[in-house]
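Presented below is the structure to which this report refers.
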Amino acid sequence: MIRFSEEQAMLLDTAREFCQKQSPIDAVRQVIQAGQPLDETLWQTMVDLGWLGVTIPEIYGGLGLDLADTVPIFEAMGRQLLATPMLASTLAAQVLITNGSDDQKNQWLPKIAAGQIATVALTEANGSWDPDQITTHLNQSASGEMTLTGGKVFVLDAGVANVILVSALQGDSLRWCLLDASELPDGAIQREVVIDETRRSYSLALSDIPIRADQVLPGTAFKKIELAGMLLITAEMSGGLDGVLAVIVGYLNTRKQFDRFIGSYQAMKHPAVDILMGSEMTRSYLYHAATVWRDETDDGIVESAVRMAKCCASEQFSEAGDRGIQFHGGFGFTYECDAQLFLRRALWSQYQFGDERHQRQKLSALLF
Amino acid sequence: MNENEIGEFRSGVRAWLQDNKPAAPSFLLPETFMEVGTDQQFEFLRRWQQKVYEAGYLGMSWPEAYGGGGQPQIMQEIVNQEMAAQRVPFVPNTIGLNWAGPLILDMGTEADKQRYIKNILSAEDIWCQGFSEPDHGSDLGNAQVRAVKDGDEYVINGSKIWTSLGSYAKYMILIARTSNEVPNKYAGLSFFLAPMTAHGIAPTPIKKLTGEYGFCQTYFTDARIPADCMLGNEGEGWSVAMKTLMFERGAVGGQAGGLSMMDLNINDIVELARRATRNGRPAIEDPLTRDELVKLVLEAKGNAVMGSRARIPALGGTYPTAVAMSGKLRSSELKRKMTRFAVSLQGANGARYISEDALDGGKWQRSYLNSFSGTIGGGTTQIQKNILGERVLGLPKS
Ligand SMILES: Cc1cc2nc3c(=O)[nH]c(=O)nc-3n(C[C@H](O)[C@H](O)[C@H](O)COP(=O)(O)OP(=O)(O)OC[C@H]3O[C@@H](n4cnc5c(N)ncnc54)[C@H](O)[C@@H]3O)c2cc1C
Ligand SMILES: Cc1cc2nc3c(=O)[nH]c(=O)nc-3n(C[C@H](O)[C@H](O)[C@H](O)COP(=O)(O)OP(=O)(O)OC[C@H]3O[C@@H](n4cnc5c(N)ncnc54)[C@H](O)[C@@H]3O)c2cc1C
């Protein structure tokens, strides 16, 4: 069952309109070329719309809605390849909301709602974010002083973040370490080269970073955060699928070869229909997962629904991007063809929190 | 209806189905209305339809004046859902209930409605469809069976093929060529509600790939049918046929309901994976098999959530007709994949066929072979993709 409220429908319309206006494809290319870590004017507009506070409780200056309510916003952003720190900030806020102490919430949530940038650091150089596989440790000396040592990769928007939440092991237990970015040594944060050029991704080198007790959060919400990340990235992918399909259909309806529109060839038409079906299925799985996220209390059901959505989106979006290149012939091989922007986005998203093979492996254990 | 009333109604339906579901017969039942091959099968299914109708669970939203229930459509939908859930047999008169019936209610005369509707519901009159011809299947617009007007009759000559239920039908929805002197092939077609009892109409059974019988070739030799059998005007047959296909593919509502095929649920396949053995071990223990099974579950579940989303207009998206127009394509392809996979779950024993030695008597092998009825009948998968590409995505004609 999918449920979708009037409020969500309104948010969907507003978000679509906003993203279309702010992020036409030319603007996406300008953002890539400029290479700026942040478009401050755009960011402030989003903050003014209240988007950064959607999930933050009212007492901390937000709207107090469910994470699922942000799905239409992320979908609209994905449709236009609009990449801002909203993904990072929203996830970081979830960590604070679920695992933060009252003091930590008081200190950070109002700031995040007001536009200070927060991010999460989970994945490590070995390609894993699984608590059983990570090597970043929170160590304690004989005198009780704590230090954080290890390294993270694919930390979104760390270059402009005010606060970074790092997953780490203290003994066998998972913790979140709350780092004030301004306290990190020079050079600890380095920009990475990633396949999706709209993303600002960073590595984090952590050696003996002193940590106070008030910077440590329990890590019990880790699974929830992982799933939240999947849900939001799936929303972006669902939008992206719609975007790349529009690029494909546009070309199939204008390019002629052998005196016919290439869209009249079934070698093009039928795979285009497969992409349409993949897009429709992804969107359905997305809003199903959003419904389950909000309404369901059984963790296993939530996990299955979100993984199914991420699985479907990863497979379908990357396939659509791949075909999108092929369908453009020689032009598809160029930087100028918009299909590459979507393919690169698809590849980035596919591997965040696990591609379709990863998801099927997890689902296999959950389902039977 | 409010939630409470719906819940109450649903449990009433469920209880009735549980009490009245016929015991499994000693012979194999067909899996869809396109595969009814023996009198025994036919009689069993017709009796079931009669019973369902008498209980008030068919044509619930059709007008009372013609034998329907005059109730909201949602009630029929609930009944359909419960029928699938309770695994009851399908009702055989699908062509009447779901295509010809809604068509007659939509554009037939008062006399047509009085004459046909009630007996469609009660299975008194079985209907068949005479669209495909030996040389013109997908290219339906090229149909060449001739209908020549002679006084107050039309004289029909030629043959139709793949006529499901042809041997049992009393009426046929027939598309035939009434003129060649027209600007294009479509304009020469007309649509008839033809009595199969007319002299000169001979349905002849054809053996299917499963080895059983199921459909017919229907020969017309100077068959005379009354001129008032025509639905719509002369030369409008194509648009009436297109309307029929909209009902047939479920793209528009108005159907009398009831199942038209045995429900196959993905859970059946999961359950089979536990029972069937590959290389001496339960299939479900094999990691590669598990991965294939997850893929199928994802496709099945994906189809279900698509249906759920389609009911929310605000989530229609860029292509709001895509889900409704692809229902037939998706469900028939899924069924083909599921049954094919079901055979593979049996490893070496997948090579068996209907016999005592085969798992479940060979029903999965038969199911797989029968699954092509869905991917070919009613417009092939390839034709569905053309339609979706052209009408939903707006791509140029092939
Ligand atoms: C890396 C690279 C190097 C190249 N080097 C050279 C070179 O040195 N010299 C040179 O002359 N050319 C070169 N080419 C050009 C190459 O031969 C053409 O790109 C190719 O023939 C396709 O033509 P097109 O780009 O016009 O695409 P189109 O012909 O416009 O094709 C667009 C899409 O439509 C499909 N399509 C077209 N017609 C049909 C049909 N009838 N049926 C079904 N599908 C159809 C195509 O498969 C493609 O997916 C190069 C191309 C690339 C990518
Ligand atoms: C079990 C069953 C029951 C049926 N019951 C009925 C019935 O009751 N009444 C009735 O009238 N008909 C019935 N049919 C017929 C059915 O509608 C036709 O079989 C179907 O429309 C295909 O026509 P055809 O068999 O002539 O195949 P063809 O049209 O000859 O197709 C052969 C192959 O070519 C492909 N093809 C054809 N045209 C195109 C195209 N333009 N682009 C791409 N590929 C194409 C097809 O997809 C197919 O794979 C039934 C069929 C089956 C299998």
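The values are calculated or read from the model by the stated rules, or taken from the named source; none is laboratory data. Every value quoted in this text rests on a predicted model; they were computed, and no experiment measured them. No Cβ is skipped: glycine too gets one built from the backbone with ideal geometry, and neighbour counts run over all protein chains shown. To get the accessible areas, we keep the full protein, side chains included, count just its heavy atoms, and leave off ligands, DNA and RNA. Shrake-Rupley method; radii C 1.70, N 1.55, O 1.52, S 1.80 Å.
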Item to check | Sole exception among (1) under 21 Å from the mean Cα position of the chain (by Cα); (2) within 14 Å of chain A (Cβ to nearest Cβ) for B:S373, by number | outcome: (2)
Next on the checklist: Can you tell me which of (1) within 16 Å of ligand 1 (Cβ to nearest atom); (2) within 11 Å of chain B (Cβ to nearest Cβ); (3) touching a His at 6+ places or on another chain (Cβ under 9 Å) is the one A:V273 doesn't meet?
Outcome noted: (3)
Next on the checklist: If I ask for residues that are open to solvent by 10 Å² or more (accessible area, probe 1.4 Å), aliphatic (A, V, I, L, M) and away from ligand 1 (no atom under 16 Å from the Cβ), which ones from region A:228-251 would you list?
Outcome noted: A:A246
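Name the residue that is most open to solvent (accessible area, probe 1.4 Å), counting only residues in region B:84-93 that are at negative phi and part of a loop (DSSP other than H, G, I, E, B). Write out each step before concluding.
Here is the first cut: in region B:84-93, the residues at negative phi are B:84-86, B:88-93.
From the residues that got through so far, the ones that are part of a loop (DSSP other than H, G, I, E, B) too are B:86, B:88-93.
Numbers: B:Q86: 36, B:V88: 5, B:P89: 20, B:F90: 3, B:V91: 1, B:P92: 0, B:N93: 0 Å².
Among residues in region B:84-93 that are at negative phi and part of a loop (DSSP other than H, G, I, E, B), the one most open to solvent (accessible area, probe 1.4 Å) is B:Q86.
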Next on the checklist: Going through A:A267, A:A213, A:A228, A:A188 one at a time, which residue ends up being within 16 Å of ligand 2 (Cβ to nearest atom) and of a type in the set (G, A, S)?
Outcome noted: A:A267
Checklist outcome for this item: All-but-one check, B:I266 against (1) within 11 Å of chain A (Cβ to nearest Cβ); (2) open to solvent by 70 Å² or more (accessible area, probe 1.4 Å); (3) within 22 Å of the chain's Cα centre (by Cα), failing number (2)
Next on the checklist: Regarding region A:237-245, can at least one residue be identified that is farther than 21 Å from B:L315 by Cβ and out of contact with any strand residue (DSSP E or B) (no Cβ under 8 Å at 6 or more places or on another chain)?
Outcome noted: no
Checklist outcome for this item: Restricting region B:298-337 to residues that are among the β-branched types (V, I, T) and within 24 Å of the chain's Cα centre (by Cα), the one nearest to the other protein chains (Cβ to nearest Cβ) turns out to be B:V305
Checklist entry - Does A:Y287 fit the bill of being closer than 20 Å to A:M77 by Cα and either near ligand 1 (Cβ under 9 Å from one of its atoms) or facing chain B (nearest Cβ under 9 Å) (or both)? => result yes
Checklist entry - What number of residues within region A:252-264 satisfy the criterion of being near ligand 1 (Cβ under 8 Å from one of its atoms), more than 36 Å from the chain's Cα centre (by Cα) and either among the acidic types (D, E) or surrounded by 15 or more Cβ atoms within 10 Å (Cβ to Cβ) (or both)? => result 0
Checklist entry - In region A:6-17, what count of residues is obtained for those that are more than 14 Å from chain B (Cβ to nearest Cβ) and touching a helix residue (DSSP H, G or I) at 6+ places or on another chain (Cβ under 7 Å)? => result 0
Next on the checklist: I'm checking my understanding of the structure. Among residues of region B:136-150 that are open to solvent by 20 Å² or more (accessible area, probe 1.4 Å) and touching a helix residue (DSSP H, G or I) at 6+ places or on another chain (Cβ under 8 Å), which one is farthest from ligand 2 (Cβ to nearest atom)?
Outcome noted: B:K149
Checklist entry - When region B:363-398 is examined, which residues are found to be over 23 Å from B:P320 (Cβ atoms), more than 16 Å from ligand 1 (Cβ to nearest atom) and without any contact (Cβ under 8 Å) to a residue 60 or more places away in the chain? => result B:Q365, B:Y368, B:S371, B:T375, B:I376
Checklist entry - When region B:39-76 is examined, which residues are found to be open to solvent by 40 Å² or more (accessible area, probe 1.4 Å) and within 18 Å of the chain's Cα centre (by Cα)? => result B:R46
Checklist entry - From A:F353, A:F327, which residue is touching a helix residue (DSSP H, G or I) at 6+ places or on another chain (Cβ under 6 Å) and at positive phi? => result A:F353
Item to check | Residues of region A:291-309 classified as open to solvent by 30 Å² or more (accessible area, probe 1.4 Å), charged (D, E, K, R) and in a helix (DSSP H, G or I), total | outcome: 3
Checklist outcome for this item: Here the residues within region B:94-124 that are open to solvent by less than 10 Å² (accessible area, probe 1.4 Å) and within 16 Å of ligand 2 (Cβ to nearest atom) are B:T94, B:I95, B:G96, B:L97, B:A100, B:G101, B:L103, B:I120
Next on the checklist: Where the second residue is more than 16 Å from ligand 1 (Cβ to nearest atom) and the first is within 14 Å of another protein chain (Cβ to nearest Cβ) and lies in region B:129-146, which pairs have Cβ atoms under 9 Å and are six or more apart or on separate chains?
Outcome noted: B:S138/B:S132; B:S138/B:G379; B:S138/B:T380; B:S138/B:I383
Checklist entry - Is it the case that region A:46-68 has a residue that's within 14 Å of chain B (Cβ to nearest Cβ) and part of a helix (DSSP H, G or I)? => result yes
